[in-house]
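The values are calculated or read from the model by the stated rules, or taken from the named source; none is laboratory data. Everything numeric here is computed off the predicted structure, so don't read it as measured data. Heads up, the Cβs are rebuilt from the backbone with ideal geometry, glycines too, and the neighbour counts pull from every protein chain shown.
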Amino acid sequence: MSKKVAQLSLSKFADLYADKLVGPDFFITDEKQLLSLSEFPYRSDGYIIGICTRGTAQVEVNLQVYQARPDAMLLATPFHVLRIYDSSDDFLCRFIVFSKAFLTENNVNSHFLESFSYFKSASIPVIYPEQEDVKVLQNIYALIKQTLQREEHPYRVEISRNTLNMLLYEVAFIYEKQHLIIKGKQTRKQELNMLFQELVFHHYKEHRNVQYYADALFVSPKHLTETIKEVTGRTAGEWIDDAVVLEAKVLLRNHDISIARVAENIHFPDQSSFGKYFKKHTGMSPSDYRLVLTN
């Protein structure tokens, strides 16, 4: 994958990994290594449901780090910035990738995907299903694969789309079970952190001060900063800055976008103030960062 690509398009994703596809809007892969995606953060413009089948890796999603291990499930959306790193030599995954357009083509509800809690920007993107639930998902995956292999079948796309719907509801059942377990174990401070993280990744482009998030959560800036520091080891301000810098890095990888446009996209008043901010937090200017990507 080119280091210049900020957005991992579905067509590029398909070129790299697809085993069986009905076009770049929907395809599956069977036990592939994701090493091509590991070096820099990226954002896919499709939805991904992945299952780790072997080995281990670190999966960073919106700056939160999760452990990928056999049977771990990745649930990624176009709202997530991903990085996969420190993978073992035998790390393998199989996954299904699709666009919103593919899923809703024959669905009167264009917001069908938004009804699933696991496809929201603040959802938990890596979960660890029970083995019996993984078997159900693997069976549905096998059914989709079998359908796509019947290239002469005139209705294979429609059958695949309906089978994908079935998969989404099974994932919803699994996710809700896992989410209840996680939520039940959360302290009040951990819950405040989750709410804070959700707000940050909705509003970091427009709001870079702790006061805004403290007001939104009805706590004092001091209490918010101390709580986030206690739970995560980093302050609220550091999380906000990291979210802004991460977005900047993703955008800067696309050389078709000028640095001035990147600054505008992240709501800086001008290129100069963005440059100072970026250098303060990364140690290099935006243009130097681009040079590093090309070397």
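There is at least one residue in the range 200-208 that is more than 22 Å from Lys120 (Cβ to Cβ), in the same structural domain as Tyr277 (by TED's automatic domain parsing) and not in a helix (DSSP H, G or I).
Would you check if Gly233 is modelled with pLDDT under 90 and at positive phi? In short, yes. Within the range 264-274, the residues that satisfy the criterion of being surrounded by 14 or more Cβ atoms within 10 Å (Cβ to Cβ), of a type outside the set (Val, Ile, Thr) and touching a residue at least 12 places away in the same chain (Cβ under 8 Å) are Asn265, Gln271, Phe274. The residue that is surrounded by the most Cβ atoms within 10 Å (Cβ to Cβ), counting only those in the range 203-256 that are over 16 Å from Phe268 (Cβ atoms) and of a type in the set (Gly, Ala, Ser), is Ala236. Criterion applied to Val245, Val250, Val231, Val210 was being touching a residue at least 60 places away in the same chain (Cβ under 8 Å) and among the β-branched types (Val, Ile, Thr), and the one residue passing it is Val250. Scanning the range 141-172 for residues that are more than 27 Å from Lys120 (Cα to Cα) and of a type in the set (S, T, N, Q), we see that the one that is surrounded by the most Cβ atoms within 10 Å (Cβ to Cβ) is Thr147. Quick one: is Cys52 modelled with pLDDT under 90 and buried (at least 20 other Cβ atoms within 10 Å of the Cβ)? When the stated conditions are applied, Cys52 does not pass them.
Among the residues of the range 130-182, the one identified as of a type in the set (Gly, Ala, Ser) and farther than 26 Å from Glu114 by Cβ is Ala142. Going through (1) of a type in the set (S, T, N, Q); (2) in the same structural domain as Phe119 (by TED's automatic domain parsing); (3) modelled with pLDDT of 85 or more one by one, Ser220 falls short only on (2). So for the range 120-140 (the condition being basic (Lys, Arg), more than 21 Å from Val65 (Cα to Cα), at pLDDT 85 or above and not in a helix (DSSP H, G or I)), does at least one residue qualify? Checked against the condition, which is being basic (Lys, Arg), more than 21 Å from Val65 (Cα to Cα), at pLDDT 85 or above and not in a helix (DSSP H, G or I), the range 120-140 yields no hits at all. In this structure, Glu191 does satisfy being in a helix (DSSP H, G or I), charged (D, E, K, R) and either touching a strand residue (DSSP E or B) at 6+ places or on another chain (Cβ under 6 Å) or farther than 21 Å from Pro78 by Cβ (or both). Looking at the structure I just gave you, is Leu75 assigned by TED's automatic domain parsing to the domain that holds Val171 and not in a strand (DSSP E or B)? Spelling it out, it is not the case that Leu75 is assigned by TED's automatic domain parsing to the domain that holds Val171 and not in a strand (DSSP E or B).
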